[in-house]
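**Student:** Here it is, the structure in full.
The values are calculated or read from the model by the stated rules, or taken from the named source; none is laboratory data. All figures in this text were calculated on a predicted structure; none of them were measured in a lab. Positions of Cβ are generated from backbone atoms using ideal geometry, with glycine treated the same way; all protein chains shown enter the neighbour counts.
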Amino acid sequence: SQTVSRDEDGVVTVGGISVTDLAEQYGTPAYILDETDFRARARAWRTAFGTDADVFYAGKAFLSRAVVRWLHEEGLNLDVCSGGELATALSAGMPADRIAFHGNNKSTEEIRRAVEAGVGRIVLDSFQEIVRVAHIAQELGTRQRVQIRITVGVEAHTHEFIATAHEDQKFGIPLAGGQAAEAVRRALQLDGIELIGIHSHIGSQIFDMSGFEVAAHRVVGLLKDIRDEHGVELPEIDLGGGLGIAYTSDDDPREPHEIAKALTEIVTRECEAARLTTPRISVEPGRAIVGPTAFTLYEVGTVKALDGLRTYVSVDGGMSDNIRTALYDAEYSVALVSRSSDAAPMLSRVVGKHCESGDIVVRDAFLPADLAPGDLIAVPATGAYCRSMASNYNHVLRPPVVAVRDGEARVIVRRETEEDLLRLDVG
Ligand code: LLP
């Protein structure tokens, strides 16, 4: 993140506060989130897309009330995908018309709440949902603005579990075989909904822009078919999120202004070729905004050297605060942050405290050979999909999120307590 530095003793400082002070005050493990960096990234996306486009932060990456307020202040919109995310957004004062509601199986109750709240758009994901949302809106005496999510059939170059635009998967309505066109036909006939655009999200942690290019081409192709068949030009197109970030030094992410320029050019070019008025573009970055802004601070508990293999470094968290390594084979880096060391690098594996051997946080890393219990280590780029996917496995308590800014730290999500755990256990 932007405000990280090391003092002369090798102690890392973030947002003007040392990690040793943070560990002392808030305990470990903890997610330390740099608010200045978060705001700068949000603003960079907002500025890059300008006033002719909208940026919806994908709340699934990480959502809390403080984050909602920062987004609101920085002029971003919000994408939510459950009643819980919607409730968080509304309770922190995000105006409903700046919220988009996603999901492949929204419950009737969730739809009702979203329509009642007046969300700016609901992204429809199935034929059943087209009818469901239309009925609910009609019942409530309103007309809900909607987009239809389609799958354009591109293979995004990312992990299978987070690729979402190939045809054989649960999201969206396939463009292939005329299904998307049929969905549009049905949506246009229903009074309870107003079809404002087409949505496509091709996957996550993507670096190669060619997938977006193909997606934009195909979405515009559908807009053209809609114009030809129905005589209407839909005013919006959403290209989803998915822009990759640097987890290790091998990754080379694009800047928001490059992404904005590329996407705007593609859509404009395609629309000109199809003689369509260029629709308003929106995007939904989650990881690219919050991912790099936080690191997880752990304390080393044990150091176990296995001759000829590697050294296992156990920390006080693990797969409960970062499931991504176990689930996607994700790569992370790690650094000793509580002191400097001149010791030789040793091949290490950072593991958690959970009762299974797949409980790995960093698969391969070099840490100094004098690493010892009590040292603090940090795993960068854990702002996205770590706290939001955290679990209570082994009844481990979920870590807090501590926001730092200008020399001040503030808990924005507190550490879970045993009381919290036991409160749900009513048997
Ligand atoms: N829009 C839609 C419709 C999405 O489904 C997603 C992510 C996003 C936007 C935001 O994507 P982002 O910009 O954050 O890549 N748990 C996985 C990622 C799952 C992403 C799901 N959808 C991970 O930890 O990598």
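**Student:** Without any contact (Cβ under 8 Å) to a residue 40 or more places away in the chain, assigned by TED's automatic domain parsing to the domain that holds Gly301 and within 16 Å of the ligand (Cβ to nearest atom): does that describe Arg363?
**Tutor:** Yes.
**Student:** Any idea which of Pro292, Pro253, Pro285 is surrounded by 15 or more Cβ atoms within 10 Å (Cβ to Cβ) and not in a loop (DSSP other than H, G, I, E, B)?
**Tutor:** Pro292
**Student:** Could I ask something else about it? In the range 134-152, what residues are surrounded by 23 or more Cβ atoms within 10 Å (Cβ to Cβ) and under 22 Å from Leu223 (Cα atoms)?
**Tutor:** Gln144, Val146, Gln147, Ile148, Arg149, Ile150, Thr151, Val152
**Student:** Oh, and also: Would you check which residues across the range 375-400 are surrounded by fewer than 24 Cβ atoms within 10 Å (Cβ to Cβ) and part of a strand (DSSP E or B) and list them?
**Tutor:** Hits for the range 375-400 are Leu376, Ala378, Pro380.
**Student:** Moving to a separate point now. Here's a check for you: in the range 403-427, which residue that is loosely packed, with under 10 Cβ neighbours inside 10 Å and free of Cβ contacts under 8 Å to residues at least 12 places away in the same chain is farthest from Arg387 (Cα to Cα)?
**Tutor:** Gly427
**Student:** Can you name the residue in the range 295-313 that is more than 16 Å from the ligand (Cβ to nearest atom) and among the hydroxyl-bearing types (Ser, Thr, Tyr) and, of all such residues, is surrounded by the most Cβ atoms within 10 Å (Cβ to Cβ)?
**Tutor:** This residue is Tyr298.
**Student:** Contact list please: Cβ distance under 9 Å, first residue in the range 1-23 and among the basic types (Lys, Arg), second residue not in a loop (DSSP other than H, G, I, E, B), pairs at least six apart or on different chains.
**Tutor:** Listed pairs, sorted by first residue: Arg6/Val12; Arg6/Thr13.
**Student:** Looking at Ile245, Ile226, which is the one that is within 24 Å of Ala100 (Cα to Cα), within 12 Å of the ligand (Cβ to nearest atom), surrounded by fewer than 22 Cβ atoms within 10 Å (Cβ to Cβ) and not assigned by TED's automatic domain parsing to the domain that holds Glu331?
**Tutor:** Being within 24 Å of Ala100 (Cα to Cα), within 12 Å of the ligand (Cβ to nearest atom), surrounded by fewer than 22 Cβ atoms within 10 Å (Cβ to Cβ) and not assigned by TED's automatic domain parsing to the domain that holds Glu331 holds for just one of Ile245, Ile226, which is Ile245.
**Student:** For Phe127, state whether it is in the same structural domain as Leu175 (by TED's automatic domain parsing) and within 15 Å of the ligand (Cβ to nearest atom).
**Tutor:** Taking the combined requirement at face value, the residue does not satisfy it.
**Student:** Right, next: Could you please let me know if Ser348 is assigned to a loop (DSSP other than H, G, I, E, B) and at pLDDT 95 or above?
**Tutor:** In short, no.
**Student:** Next question, about the same structure. Applying the selection to the range 366-395, what residues are among the hydroxyl-bearing types (Ser, Thr, Tyr) and within 17 Å of Gly242 (Cα to Cα)?
**Tutor:** Result: Thr382, Tyr385, Ser388.
**Student:** Considering only the range 373-400, state which residues are touching a strand residue (DSSP E or B) at 6+ places or on another chain (Cβ under 7 Å) and of a type in the set (D, E, K, R).
**Tutor:** Asp375, Arg387 - these are the residues of the range 373-400 that are touching a strand residue (DSSP E or B) at 6+ places or on another chain (Cβ under 7 Å) and of a type in the set (D, E, K, R).
This table checks each residue for (1) of a type outside the set (A, V, I, L, M, F, W, C); (2) away from the ligand (no atom under 16 Å from the Cβ); (3) crowded, with 24+ Cβ neighbours inside 10 Å; (4) closer than 30 Å to Arg185 by Cβ.
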| site | (1), (2), (3), (4) |
| --- | --- |
| Gly27 | yes, yes, no, no |
| Asp37 | yes, yes, no, no |
| Arg46 | yes, no, no, no |
| Phe49 | no, no, no, no |
| Ala61 | no, no, yes, no |
| Glu74 | yes, yes, no, no |
| Asn105 | yes, no, no, yes |
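**Student:** Need pairs with beta-carbon distance below 6 Å; first residue within 22 Å of Ser200 (Cβ to Cβ) and within the range 100-121, second part of a loop (DSSP other than H, G, I, E, B); sequence gap 6+ or separate chains.
**Tutor:** Phe101/Val119; His102/Cys81; Gly103/Cys81; Asn104/Asp125; Asn104/Lys170; Asn104/Phe171
**Student:** Can you tell me how many residues within the range 98-120 are closer than 20 Å to Pro285 by Cβ, outside any loop (DSSP other than H, G, I, E, B) and out of contact with any helix residue (DSSP H, G or I) (no Cβ under 7 Å at 6 or more places or on another chain)?
**Tutor:** Counting residues in the range 98-120 that are closer than 20 Å to Pro285 by Cβ, outside any loop (DSSP other than H, G, I, E, B) and out of contact with any helix residue (DSSP H, G or I) (no Cβ under 7 Å at 6 or more places or on another chain) gives 2.
**Student:** Out of all the residues in the range 314-337, which are buried (at least 19 other Cβ atoms within 10 Å of the Cβ) and part of a strand (DSSP E or B)?
**Tutor:** Hits for the range 314-337 are Ser314, Val315, Leu336.
**Student:** Could you name every one of the helices (runs of 4 or more DSSP H) located completely within the range 121-240 that has at least 2 residues being at pLDDT below 95 and aliphatic (A, V, I, L, M)?
**Tutor:** Ranges flagged: 210-230.
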